[in-house]
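Undergrad: Let me give you the structure first, and then I'll get to my questions.
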């Protein structure tokens, strides 16, 4: 679809409000609503946002040392016609993801979707294309009015009761996404109270990310309408399971006809190219964690023996491994399991593809697959097996990211440094905050 066709669709669909949506360096969805009389101007030229909007923390504080301040000018948010979709749950409203452009319309390095597109172009130049699917977990809560939250159910993992108890919400979610052209592969009750997991169909990287972000947006909106809260927070409570974001990847030829990730026969999990790609993911795993698990809360999920990976290894059918091959035969593809929904997914997929491409270029060996539950190995046993830990804290992960030239180059000269500033600023705010645990532990005992 081009801009002229988009304007025609807006007219045919009876749309009165258009939301051009961008995602800031925290991955938060941002938009303005555009009335019908402004459609032509915005579709053709974009709508103005301040560059300074991009490097705010999640609590709306400007990052220390931010490059973009009040005097930094604007970017133009230009709708991508291919991402147009109606919002069935909001009257006469549609949205489109945008490319951030410079004020003269030229591409801009600070645009997350542009950086991902550049990485897709790099893959193509090397003779590859990628298929991606994202599989997020989320938890449904009721707010109790006192600042605490109660899971909407305590049903067991994959139970029919878990599906039936929240039937109306779950069915509305699936049907709404279907009406928006997004096909759910599955949606089921997960391990924790009130926890659910679903995945959308695989596609090219940008389309896969766009669909994942719409899935999150719709789940949160429909839950709000139903008097619930859908959170994708990595670890809402210490006693509850965490919410991860599993990324499913496969590498293909540029025509999308031949899967280059898998071995020649059904019992061979990886081809030589697939092994090198995994080797790249493992070699850059520490930096990738800084991109894909980028809050202090993330590291309360990435714990050994927690069903979330804490070790740098790969395996076949091994859910404790960082990189998992789900199975043999038709189930062969890569699943990277360390990330969560705090990530800006455009950054995250860009970084994953860059790591894999570097592995291919350097012909990195991933080593032997792990065939034990590595989460239950002692530190000594893991060291003896040559298995290293992922970063245990956010500062460790951010340090690893800053020192990783491959991943920082993929993020680019604007996004990489500004993303780090945002995350260090959030970390500083966390470090000086007095938390409830501290009062409970010390206020009456010291």
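Undergrad: Rounded, prolate or oblate: pick one for region 328-370, where a ≥ b ≥ c are the square roots of the eigenvalues of its C-alpha gyration tensor, a/c under 1.5 means rounded, and failing that, prolate if a/b is larger than b/c, else oblate.
TA: In terms of gyration-tensor shape, oblate.
Undergrad: Shifting gears a bit: Give me the percent of Cα-Cα pairs in region 54-121 that sit more than 21 Å apart, rounded to a whole number. Mind showing how you got there, number by number?
TA: On the way: 988 of 2278 pairs.
When every Cα pair of region 54-121 is considered, 43 percent fall beyond 21 Å.
Undergrad: In whole Å, how far is the Cα centre of region 234-290 from that of region 136-162?
TA: 29 Å
Undergrad: Mark the label point 7 Å from the Cα of residue 237 along Cα→Cβ and return the residues of region 142-166 whose backbone N is within less than 15 Å of it.
TA: Flagged as within label range: 142-156.
Undergrad: Taking 8 Å as the Cα distance limit and 6 or more residues as the minimum spacing, I'd like the relative contact order of region 10-54 as a percentage.
TA: Values: 35 pairs, mean separation 15.0, N = 45.
It comes to 33 percent, rounded to a whole number.
Undergrad: Something else now. For the chain, what is the convex hull volume of the alpha-carbon atoms per residue, in Å³?
TA: Spelled out: Cα convex hull of the chain, divided by residues, is 164 Å³.
Undergrad: Okay, next question. Given the peptides 213-221, 327-335, arrange them by the average over their residues of other C-beta atoms within 10 Å, most packed first.
TA: Values: 213-221: 20.0, 327-335: 16.3.
Highest-to-lowest ranking by the protection proxy: 213-221, 327-335.
Undergrad: Relative contact order of the chain: what whole-number percent is it, with Cα pairs under 8 angstrom and at least 6 residues apart?
TA: RCO, the chain: 16 percent.
Undergrad: Right, next: For region 334-405, build the convex hull from the C-alpha positions and give me its volume per residue in Å³.
TA: 139 Å³
Undergrad: Over the Cα atoms, compute the radius of gyration (one decimal) and Dmax (the largest Cα-Cα distance, rounded to a whole number) for region 118-259, in Å.
TA: 17.1, 56
Undergrad: For region 288-421, what does the convex hull of the Cα positions come to per residue, in cubic angstrom?
TA: Expressed per residue, the convex hull around the Cα atoms of region 288-421 is 116 Å³.
Undergrad: According to a simple spin-label model (label point 7 Å from Cα along Cα-to-Cβ), what is the distance in nm between residue 104 and residue 9?
TA: Placing both labels 7 Å along Cα→Cβ, they lie 3.1 nm apart.
Undergrad: Can I ask one more? Give the residues of region 41-55 whose amide nitrogen is closer than 15 Å to a point set 7 Å from the Cα of residue 72 in the direction of its Cβ.
TA: Within reach of a label on residue 72, which here means backbone N under 15 Å from a point 7 Å along Cα→Cβ, region 41-55 contributes 49-55.
Undergrad: If packing is taken as the mean number of other Cβ atoms within 10 Å per residue, what is the order of 352-365, 167-180, highest first?
TA: Those peptides, ordered most packed to least, come out 352-365, 167-180.
Undergrad: In addition: Provide, as a two-decimal number, the C-alpha radius of gyration of region 146-228 over 2.2 N^0.38 Å, N being how many residues it has.
TA: So region 146-228 has a normalised radius of gyration of 1.14.
Undergrad: Report the semi-axes of the equivalent ellipsoid for region 3-106 in whole Å, largest first, where each axis is √(5λ) for an eigenvalue λ of the Cα gyration tensor.
TA: 27, 15, 10
Undergrad: Given the Cα atoms of region 76-187, and with Rh set as the inverse mean 1/r over their pairs in the Kirkwood sense, what is Rg to Rh to two decimals?
TA: Rg divided by Rh gives 1.09.
Undergrad: Can you pull a Stokes-Einstein diffusion coefficient for region 183-243 at 20 °C (1.002 mPa s), Rh from Kirkwood over Cα pairs, as a whole number of µm²/s?
TA: Details: Rh = 12.8 Å.
D, rounded to a whole number, is 168 µm²/s.
Undergrad: Hey, what number do you get for the chain at 222 nm if only DSSP H runs of n ≥ 4 count, each worth -39500 (n - 2.57), divided across all residues, to the nearest 500? Don't jump to the answer; show the numbers that get you there.
TA: Numbers: 13 runs with 160 residues, N = 446.
Taking each H run of at least 4 residues, the total per residue is -11000 deg cm²/dmol.
Read-outs: derived from the displayed coordinates by stated rules, not from any lab. The structure displayed is predicted, hence computed values, not measured ones. Here Cβ is always computed from backbone atoms with ideal geometry, including for glycine, and neighbour counts include all displayed protein chains.
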